[in-house]
Amino acid sequence: MLPELAAPEPVTVEPPHALAPVLLTQSWLDLAFLHWAVDPAEVAPLLPAGTVPDTFDGATYVGLVAFRMHRVGWFKLPGIPYLGSFPETNVRLYSVDGNGRRGVVFRSLDASRLIPVAFARAVVRLPYLWSRMSVRHDGDTVSYTSTRRWPGPRGAHCRITLRKGAPVAAPTALEHFLTARWGLHRTFHGRPSYLHNAHPRWPLHRAELLHLDENLIAAAGLSTPMGQPLSVLYSPGVPVTFGRPTPGVRALRSGRACRAACAACAACAACAACDGDQHDQHK
C-alpha cells in the first residue's frame, strides 16, 4: 500500500515551483477559454493512472481552449517561425495527483501543422490531431475554426466566435482554478509523467460568446455539453516555458488516500467504494 497522499496544492496565479532547466519555449496567443461543469464520475475513467479529477465546489470541468501557438522552440534557442507557429484547439480536463500537483489532461489537441502533429504523437505521446484551422480578427471579435483531417474522426469540428470585453481586474476563484494550471499529467510509454510549465500571470478579459458549433468534446469521449459554457474568457496571451518531465504517481491504492486526494469523491461512486485496489480499475 502506498503512503497517504498529499493534499492538493493551493491554486496560485504564479508558478508554485522554480522551472529549471528549460526544455521548451513557446507563446500562447489569442486564447478563448470555454468551460462547462461536468460530473467527476464521468471524467475519472479518462484520466491517467495516479490522478483523480480536480474539483471546485464539488464539480470538475471540461475546457475547450482555442488559440495560436507561436514559435515553439527547444531549450533557449529561438522559436521556429513556420513549423512552430499554428492554430490549436484542445479539449482538456482538470486533474490532481498523489503528490498534490494540480494539472490538466489533454483529451485532444487539434493543430494545423502536420509535422508538429506527427512529432508530438510519436515522440511526446500527446493526442495531437491534424486539422484545417484558422484564427481571424475583425475589430473586437475573434473567430476560431477547425475541421479535423487525421487521424479522425474526420470531420470533427469547432467554430467559435467571441467578442473581447474589458480586462478582468480581479478574477474569481473559479477563473483562477480554470486558468492557473502549472503542469500536464500524461502517460508516457506506460508510465505516469508530469510536465511542469511556467508563464506570467494571465491577462484575462471578459468575453461574450457570439457563436459556438463544436463536436470536439464528444469526439474526445465526453458527453456533449448541455447549454452554454459556464465560463467564457479571452486572453491576448503569454510566453510559456516547459521543464523536463518528472515521474508521476504510479497508482492510488489506498481507498482512504484516494478519497483524501479527490474532493469529488462524494459524487464519485467508484472512489467512495474504493477498498484499496479498485481505484486502479477506476483509472
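Take the alpha carbon gyration tensor of the stretch 128-178, find the square roots of its eigenvalues, order them as a ≥ b ≥ c, and report rounded if a/c is under 1.5; if not, report prolate when a/b exceeds b/c, else oblate. Here the stretch 128-178 falls in the oblate category. Taking H as built 1.01 Å from N, whose amide H comes closer than 5 Å to the amide H of GLU214, not counting residues under 5 places away? Here ARG159 satisfy the definition.
Per residue, the stretch 74-124 exposes 41 Å² of accessible surface when a 1.4 Å probe is rolled over the protein heavy atoms with every protein chain present. Phi angles across the stretch 116-124 convert, under the Karplus curve 6.51 cos²θ - 1.76 cosθ + 1.60 with θ = phi - 60°, into 3J(HN,Hα) values of x, 4, 5, 5, 5, 5, 7, 9, 8 Hz, Gly and Pro given as x. Counting only protein heavy atoms and a probe of 1.4 Å, the accessible surface of the stretch 100-156 is 55% carbon and sulfur.
Taking amide hydrogens as placed 1.01 Å from N in the peptide plane, the amide H of GLY165 sits under 5 Å from those of ARG206, ALA207, GLU208, each at least 5 positions away in sequence or on another chain. Within the listed set THR25, THR224, THR187, the residue fluctuating most in the Gaussian network model of the chain (springs between alpha-carbon atoms under 10 angstrom) is THR224.
Once Rg and Dmax of the Cα atoms in Å is calculated for the structure shown, the corresponding label among [x] 21.5, 72; [y] 18.2, 58; [z] 17.9, 52 turns out to be [y]. Couplings 3J(HN,Hα) of the stretch 236-244, computed from phi: x, x, 8, x, 10, 10, 10, x, 6 Hz, in residue order, whole Hz [Karplus 6.51 cos²θ - 1.76 cosθ + 1.60, θ = phi - 60°; x for Gly and Pro]. This model, with +1 at the C-beta of Lys and Arg and -1 at the C-beta of Asp and Glu, gives the stretch 145-242 a dipole about its Cα centre of some 280 debye. Applying both filters, DSSP loop and at most 15 other Cβ atoms within 10 Å, to the chymotrypsin sites (Phe, Trp or Tyr not before Pro) of the stretch 1-102 gives PHE75, TYR82.
Dipole magnitude of the chain about its Cα centre, charges +1 at Lys/Arg Cβ and -1 at Asp/Glu Cβ only, in debye to the nearest 20?
Numbers: 29 positive and 20 negative charges, 202 e Å.
It works out to roughly 960 debye.
Close amide H pairs (under 5 Å, H built 1.01 Å from N) link GLY237 with ASP30, LEU31, residues at least 5 positions away or on another chain. Restricting the trypsin sites (Lys or Arg not before Pro) of the stretch 99-128 to loop positions (DSSP other than H, G, I, E, B) with no more than 16 neighbouring Cβ atoms within 10 Å leaves ARG125.
Hey, what number do you get for the chain at 222 nm if only DSSP H runs of n ≥ 4 count, each worth -39500 (n - 2.57), divided across all residues, to the nearest 500?
After summing the helix terms and dividing by residue count, I get -2500 deg cm²/dmol.
For the stretch 14-97, which whole percent of the accessible surface, found with a 1.4 angstrom probe, sits on carbon and sulfur atoms?
Values: 1970 of 3030 Å².
In the stretch 14-97, the share of accessible area belonging to carbon and sulfur is 65 percent.
The values are calculated or read from the model by the stated rules, or taken from the named source; none is laboratory data. Not measured: the values here are computed from a predicted model. Cβ coordinates were reconstructed from backbone atoms using ideal geometry, including for glycine residues, and neighbour counts include every protein chain displayed. Heads up: the accessible areas ignore ligands, DNA and RNA and are worked out on the full protein's heavy atoms, side chains in. Shrake-Rupley method; radii C 1.70, N 1.55, O 1.52, S 1.80 Å.
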